[in-house]
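See below for the structure under consideration.
The values are calculated or read from the model by the stated rules, or taken from the named source; none is laboratory data. No experiment lies behind these values; they were computed from the predicted model shown. Here the Cβ positions follow ideal geometry from the backbone for every residue, glycine too, while neighbour counts run over all protein chains shown.
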Amino acid sequence: MRPLRILTWQAHGGYLHALSQLPHQFYLLTDTEMPCTGWPYRGNIHPLPAEQARTAEFDCILFHQPEQYLEEQHRYLSAPQRRLPRIYVEHAAPADDQDGVRHPVNDPEVLLVHVASYNALRWDNGRQTVRVINHGMQAPADLDYCGERQCGVVLGNRLWSQPANDIYQQLRQRIPLELVPTQFPATLEHTHCAPLQLPARTVHYRFLFHQTHSHTLEPCVIAAMMSGIPVIGMASGEMASLVQNGMSGYIETDLDKLVAHMQELLDNPHYAFALGRGAQRRARQRFGMPRFLTDWNAALQSVTSLPAVQSRD
């Protein structure tokens, strides 16, 4: 397909970094409340002051947040621009664990893209055309699992060591677990523009334990799996479709079973290595950049090849 001129916003920088590997030009809408400095932009990402947007030419509009779709497009774009092919990327499930919440997009001419099937299931998508495009991530550079430490690793920040972290506190009394601090947030929708960096020491631990109940995809889990680290975690949300028991790790809701699986990996490094290779294949197939870029080119092709919408003014 021909290169497109795509107007988008700065939100979800890590996702923008992945999108920028498409053969298209991205114009990043900015204003005084949304500065555009200090970001490691690729050459096809062009900051565009909001006051210049109305006179610019685009082929497609790409939204990431409700305020962009509900407010800012009406504030900054002309009526003809607002009838261009449009895509809304929904990065999260409904808030507060409420299923069946009506999605804010209510226009069948807008393609609604969910980043996970579980998220799409939990929203009421109304009359929207829906696609699911899983995240795309680069495999962490120069990291390969060795697992010589007879200990599990937990990735997080200092808050993970607080008494309120009940599951972590319980398990560390029974299984050797160490906390490795990270500088990236818990969920992919809040990552920065640079690709995710997994702490190098992570590959030396026997397994990764991930205790979070979050429904969204976890970047640390995906990055660890891409590096060949077996994962043990809670069987909830998107983890239930990510980790395959006995093939790439283990997920359970029973803490005693989690402890048994952890101990098995501690006692059998060869088995841990085999699970890690399964985790690597699983993550690279599902979240590798070639698949991500193919899916996104197909989505863009589907909206930009449609007949132009006639003016209703």
Check: When you scan the stretch 211-281 for helices (runs of 4 or more DSSP H) that lie fully inside it, which ones turn up with 1 or more residues that are within 18 Å of the chain's Cα centre (by Cα)?
Finding: 219-226, 239-242
Item checked: Which numbered condition L198 fails, given (1) in contact (Cβ under 8 Å) with a residue 12 or more places away in the chain; (2) in a helix (DSSP H, G or I); (3) hydrophobic (A, V, I, L, M, F, W, C) -> (2)
Notebook entry, point to check: Do we have P185 as under 24 Å from the mean Cα position of the chain (by Cα), at pLDDT 80 or above and not aliphatic (A, V, I, L, M) here?
Noted result: no
Checklist line | Output for the stretch 116-140, where each listed residue is farther than 19 Å from R102 by Cβ and among the aliphatic types (A, V, I, L, M) | finding: I133, M137, A139
Check: Among strands (runs of 3 or more DSSP E) lying entirely in the stretch 1-49, which contain 1 or more residues that are at pLDDT below 95 and more than 22 Å from the chain's Cα centre (by Cα)?
Finding: 25-30, 45-49
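Results for (1) modelled with pLDDT of 90 or more; (2) within 23 Å of M226 (Cβ to Cβ), shown as yes or no for each residue.
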{"position": "Q98", "(1), (2)": "no, no"}
{"position": "C151", "(1), (2)": "yes, yes"}
{"position": "G156", "(1), (2)": "no, yes"}
{"position": "W160", "(1), (2)": "no, yes"}
Checklist line | Total residues in the stretch 249-268, condition touching a strand residue (DSSP E or B) at 6+ places or on another chain (Cβ under 7 Å) and buried (at least 16 other Cβ atoms within 10 Å of the Cβ) | finding: 8
Next item on the list: Would you check if Y76 is in contact with a Phe, Trp or Tyr (Cβ under 8 Å, 6 or more places away or on another chain) and more than 28 Å from S236 (Cα to Cα)?
Entry: no
Item checked: Hits in the stretch 54-83 (condition: over 12 Å from Y27 (Cβ atoms), outside any helix (DSSP H, G or I) and free of Cβ contacts under 8 Å to residues at least 60 places away in the same chain) -> F63, H64, Q65, S78
Check: Does E264 satisfy being among the charged types (D, E, K, R) and at pLDDT 95 or above?
Finding: yes
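Yes or no, residue by residue, for (1) within 15 Å of G152 (Cα to Cα); (2) at pLDDT 90 or above:
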{"residue": "C220", "(1), (2)": "yes, no"}
{"residue": "G237", "(1), (2)": "no, no"}
{"residue": "A240", "(1), (2)": "no, no"}
{"residue": "M247", "(1), (2)": "no, yes"}
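Here's the yes/no breakdown for (1) part of a loop (DSSP other than H, G, I, E, B); (2) under 23 Å from G237 (Cβ atoms); (3) in contact with a Leu (Cβ under 7 Å, 6 or more places away or on another chain):
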position	(1), (2), (3)
I87	no, no, yes
D99	yes, yes, no
P108	yes, no, no
N119	no, yes, no
R127	yes, no, no
M137	yes, yes, yes
D142	yes, no, no
Y145	yes, no, no
